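**Student:** Quick one: this structure, given as structure tokens, is what I'll be asking you about.
The values are calculated or read from the model by the stated rules, or taken from the named source; none is laboratory data. Since this is a predicted model, take the numbers as computed values, not measurements. We place every Cβ from the backbone using ideal geometry, glycine too, and count neighbours over all the protein chains shown.
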Amino acid sequence: MPPLELLFQQALNGLMLGVMYALIAVGFTLFFGVLDVIHFSHGDIYMLGAFAGLSVLTGLAAAGAGTPAVALPVAFAASIVITGLIGVAAERVCVKPLARSSPLMTLLATLSLGLVIRESVLIFYPRGADPKPFPWLLPQGAFDVGGVVIRYDNLAILAIGLAAMVAVDRIINRTRMGAAIRAVAQDPEAAQMMGVNLDRTVDATFFLGSGLAAVAGILSGLYYSEIHFIMGVTGGVIGFSAAAIGGLGNVYGAILGGLLFGLVQTMAAALIPRGSEFRDVVAFAVVLLFLVARPSGILGAKSVERV
Amino acid sequence: MRATLYHVSRRQLLAGGAALGLGLRPFRGWAQKPAVKLAFIGPLTGGTASNGLGGRNSFQLALRERNADPKAKYRYEAEILDDECKPTVAVQAALKASSDPAVIAGVTHYCSVTAIATVDTYHKAGMPAMVWGAVLPEITYGHKHVEITRVNGTMINQNNVAADFAVKTLGFKTFALVHDTTDYGRAHAKWFSQFVEKAGGKILSSQGTAKDQKDYAAELTRAKADKPEVLWYGGLTPDGVRVRVQMEKLGFRAQFQGTSGIKSDTFNETAGPSAEGTLAFVEGAPTEKLPGGKKFLAAYAKAGFPEPSEAYGPFAYVAANLVIDAIEAVGPDRAKVAARLKRTKKQDTIIGPVEFDEYGQNTVPLISKYVSQDGKWVLWEDSEYASGKRTLPGLKYKKM
């Protein structure tokens with residue numbers, strides 16, 4: 001394959017990764033924007049989203065409703081609701097009671113919750129230790145554009161990811177709840193004085209962020225055709241790093257950070273000699289560079305609002 | 001009537017008591033046997049848990065059988081520890097087992113990364129440890145510790161057979177290698193490369209990846225550009241599944257070949273139809289074809305374990321029996337047991353005769369070739385690929 005085509009092919013691989021990272025990163029950035037909280041079990045919530053999606057798909061297939069046109073929308077909707085509610089519960093258990101404690105306590109509590117979620121899937125999900133096959137529900141063909149192979153399922157995953165991002169943008173910028181989220185992110189006390197219900201707004205934020213993680217989890221299952229109970233560990237670290245690169249608290253920064261992280265990882269593996277061994281070294285070195293040179297992230301400083 | 005039925009004379013009482021005493025003698029004798037603890041260490045959780053659970057059950061079967069044997073001098077108790085196939089966890093498990101003086105010996109490790117990480121721990125503690133699944137040569141050949149022995153073969157023999165089979169028998173000439181960067185993956189890649197080149201094949205590329213890496217698109221896209229006839233993967237099941245499935249999704253048309261690390265039922269279950277035609281190479285023979293395989297499988301089934309014994313279960317069973325035999329012969333003394341085990345020569349077992357060389361390595365290597373057929377691992381010689389009814393995917397692509 002000529003070098004230029006190979007480069008575009010790898011860029012496409014990076015974009016696929018980046019979309020999933022971005023969806024996880026948006027959750028991190030929403031939680032931080034509204035509550036100044038780094039929710040470290042968010043990666044495991046993403047894993048739960050994938051398992052919830054798989055369970056729904058398996059149930060639908062058993063009930064004879066396994067056709068993609070029916071099963072996928074139902075799986076996405078059910079997984080968003082289930083995972084969103086779990087996210088809200090996580091906030092009630094690990095964040096709210098520690099609101100007046102040191103941020104370290106919240107960090108430790110959310111880390112511990114992640115471990116509980118992970119080990120629970122390992123123990124209670126049937127043969128939870130093993131990787132689980134995810135059904136191939138998206139069209140599997142491909143077409144060629146100037147030597148670059150583009151798969152239909154990749155396009156579908158990109159479209160769903162993009163739709164989710166647009167939906168978040170609309171929710172935040174065009175709805176009353178979005179206005180409340182923005183107001184709380186800017187100044188919680190002033191927002192309350194203006195009649196914003198803080199508890200409800202926090203719940204909505206956690207529901208939204210966790211629901212996005214569910215979308216990322218199902219997309220991951222559809223892309224890799226396999227999910228595993230430990231997938232949230234790496235997903236969480238990368239999602240948080242992407243949010244930090246983009247500028248914690250800025251939704252568009254999180255999207256940009258996710259895409260950048262995916263591209264850097266892929267290009268490091270593709271272009272550097274023995275790069276595959278160093279893909280994470282390079283990607284996290286970029287994170288370090290941002291922390292040192294631009295701690296506010298790509299869009300952090302430019303943002304007037306923190307959401 | 002009822003009164004006569006329950007009337008017991010003094011004589012009857014004495015006779016009954018004597019009979020009861022006699023009847024209990026063997027039981028009392030068993031209870032009075034000194035207890036000896038043996039450790040089993042393997043991956044009981046995580047991606048390779050199916051192999052670990054099969055090994056653990058087989059180990060427990062050996063202990064149960066020996067405890068049921070009235071001739072046994074000791075009563076054997078099991079200390080089961082999970083190494084999660086992670087070196088740090090394995091070292092903790094090895095420390096826990098070896099620091100307990102009641103544990104006389106161990107049947108230890110399925111994963112090479114854990115076995116190599118714990119070698120020195122067993123040596124320092126003077127605890128005999130017989131490896132039951134890990135194939136990295138250095139586990140036995142990297143030192144001369146008397147405590148370490150291994151009942152299964154090494155990856156040297158495995159890769160020699162794998163390379164010769166791929167190049168000389170199947171006619172593949174070009175290979176792209178992807179391997180995890182653990183000791184296991186790296187060493188497999190090293191030995192496979194050497195034997196492929198010796199057999200006349202060519203390695204086009206070799207890429208190391210992280211263990212538990214999720215995305216292989218970049219590596220596979222890079223390898224695909226060289227148009228190899230075979231994509232060879234050196235690593236364990238969870239990663240092997242991802243490589244195989246992502247290869248198919250990228251339209252990477254090459255034969256997929258793996259090492260013993262992917263030969264588990266989980267590989268077929270998770271990879272689904274993508275698994276079809278995958279090649280894997282494993283030390284030993286299928287359990288049912290081992291000299292004592294049928295007897296072992298019957299006993300295993302009778303014991304009612306919920307998990308299958310998997311490919312390396314018989315090795316764990318044999319390792320436990322060899323350790324027990326040594327304890328029966330020289331007593332529960334770590335140093336004497338280690339010395340005795342190291343001198344094992346032509347010991348008859350269900351996997352055939354076991355004989356350790358000066359490094360404690362079983363010198364009777366037997367490598368089996370497997371192909372995934374209809375969701376099951378089938379011995380190559382018994383497969384429809386060997387009989388010509390089916391064609392391996394890589395051979396089909398060669399003709400296209």
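**Student:** Looking at the range B:164-191, I want the residues that are within 14 Å of chain A (Cβ to nearest Cβ) and closer than 27 Å to B:ALA386 by Cβ and have a partner that is surrounded by fewer than 24 Cβ atoms within 10 Å (Cβ to Cβ) and hydroxyl-bearing (Ser, Thr, Tyr) with Cβ atoms under 7 Å, at least 6 apart or on another chain. Which pairs are those?
**Tutor:** Close Cβ pairs satisfying both conditions: B:ALA176/B:SER205; B:LEU177/B:SER193; B:LEU177/B:SER205; B:LEU177/B:SER206; B:ALA189/B:SER206.
**Student:** OK, next. For A:VAL287, indicate whether it is outside any loop (DSSP other than H, G, I, E, B), at negative phi and crowded, with 23+ Cβ neighbours inside 10 Å.
**Tutor:** no
**Student:** Also: Could you pull out the residue among A:LEU85, A:LEU48, A:LEU23, A:LEU72 that is away from chain B (no Cβ under 14 Å), within 26 Å of B:LEU220 (Cα to Cα) and touching a residue at least 40 places away in the same chain (Cβ under 8 Å)?
**Tutor:** A:LEU23
**Student:** Testing B:LYS294 on (1) of a type in the set (D, E, K, R); (2) within 14 Å of chain A (Cβ to nearest Cβ); (3) assigned to a helix (DSSP H, G or I); (4) in contact with a Ser or Thr (Cβ under 9 Å, 6 or more places away or on another chain), one condition comes back false. Which one is that?
**Tutor:** Failed condition: (2).
**Student:** What number of residues in the range B:270-315 are among the small types (Gly, Ala, Ser) and farther than 27 Å from B:TRP232 by Cα?
**Tutor:** Matching residues across the range B:270-315 total 7.
**Student:** Yes or no: A:GLY147 within 12 Å of chain B (Cβ to nearest Cβ) and more than 13 Å from B:LEU250 (Cα to Cα)?
**Tutor:** So A:GLY147 fits the description; yes.
**Student:** Of all residues in the range A:46-84, how many are β-branched (Val, Ile, Thr) and in a loop (DSSP other than H, G, I, E, B)?
**Tutor:** Number of matching residues: 1.
**Student:** Residues of the range B:244-284 being more than 11 Å from every other protein chain (Cβ to nearest Cβ) and either hydrophobic (A, V, I, L, M, F, W, C) or surrounded by fewer than 24 Cβ atoms within 10 Å (Cβ to Cβ) (or both), which ones?
**Tutor:** If the condition is that a residue be more than 11 Å from every other protein chain (Cβ to nearest Cβ) and either hydrophobic (A, V, I, L, M, F, W, C) or surrounded by fewer than 24 Cβ atoms within 10 Å (Cβ to Cβ) (or both), then B:MET247, B:ARG253, B:ALA254, B:GLN255, B:PHE256, B:ILE262, B:GLU276, B:GLY277, B:LEU279, B:ALA280, B:PHE281, B:VAL282 are the ones that fit.
**Student:** Might you let me know whether the range A:249-260 holds any residue that is under 28 Å from B:THR270 (Cβ atoms) and within 14 Å of another protein chain (Cβ to nearest Cβ)?
**Tutor:** yes
**Student:** To continue, here is another question. Condition first: buried (at least 20 other Cβ atoms within 10 Å of the Cβ) and either in a helix (DSSP H, G or I) or at pLDDT 95 or above (or both). Now tell me which residues in the range B:131-144 satisfy that.
**Tutor:** Result: B:VAL131, B:TRP132, B:ILE139, B:THR140.
**Student:** May I pose another question? Being buried (at least 24 other Cβ atoms within 10 Å of the Cβ), part of a helix (DSSP H, G or I) and at pLDDT below 95 is the filter; apply it to the range A:33-45 and report the residue that is farthest from the other protein chains (Cβ to nearest Cβ).
**Tutor:** A:VAL34
**Student:** Same structure, new question: Taking the range B:98-122 as the region of interest, how many residues are closer than 18 Å to B:VAL151 by Cβ and not in a strand (DSSP E or B)?
**Tutor:** So the answer is 10.
**Student:** In contact (Cβ under 8 Å) with a residue 12 or more places away in the chain and either under 12 Å from B:ASP215 (Cβ atoms) or more than 14 Å from every other protein chain (Cβ to nearest Cβ) (or both): is that true of A:PHE229 in this structure?
**Tutor:** Taking the combined requirement at face value, the residue does not satisfy it.
**Student:** Follow-up. Would you mind listing the helices (runs of 4 or more DSSP H) fully within the range A:140-208 where at least 2 residues are touching a Gly at 6+ places or on another chain (Cβ under 9 Å)?
**Tutor:** Qualifying helices (runs of 4 or more DSSP H): A:152-174, A:176-186.
**Student:** Among the numbered criteria (1) modelled with pLDDT of 95 or more; (2) surrounded by 20 or more Cβ atoms within 10 Å (Cβ to Cβ); (3) not in a helix (DSSP H, G or I), which one does B:VAL167 miss?
**Tutor:** The failed condition is (3).
**Student:** Another question, then. Based on what the data block shows, is B:LYS211 under 21 Å from B:MET155 (Cβ atoms), part of a helix (DSSP H, G or I) and of a type outside the set (Val, Ile, Thr)?
**Tutor:** In short, no.
**Student:** Identify the residue in the range B:211-243 that is under 25 Å from A:VAL148 (Cα atoms) and of a type in the set (Gly, Ala, Ser) and, among all such residues, is farthest from the other protein chains (Cβ to nearest Cβ).
**Tutor:** B:ALA223
**Student:** Tell me, which residue of the range A:260-274 that is surrounded by fewer than 21 Cβ atoms within 10 Å (Cβ to Cβ) and assigned to a helix (DSSP H, G or I) is modelled with the lowest pLDDT?
**Tutor:** Top of the filtered list is A:LEU271.
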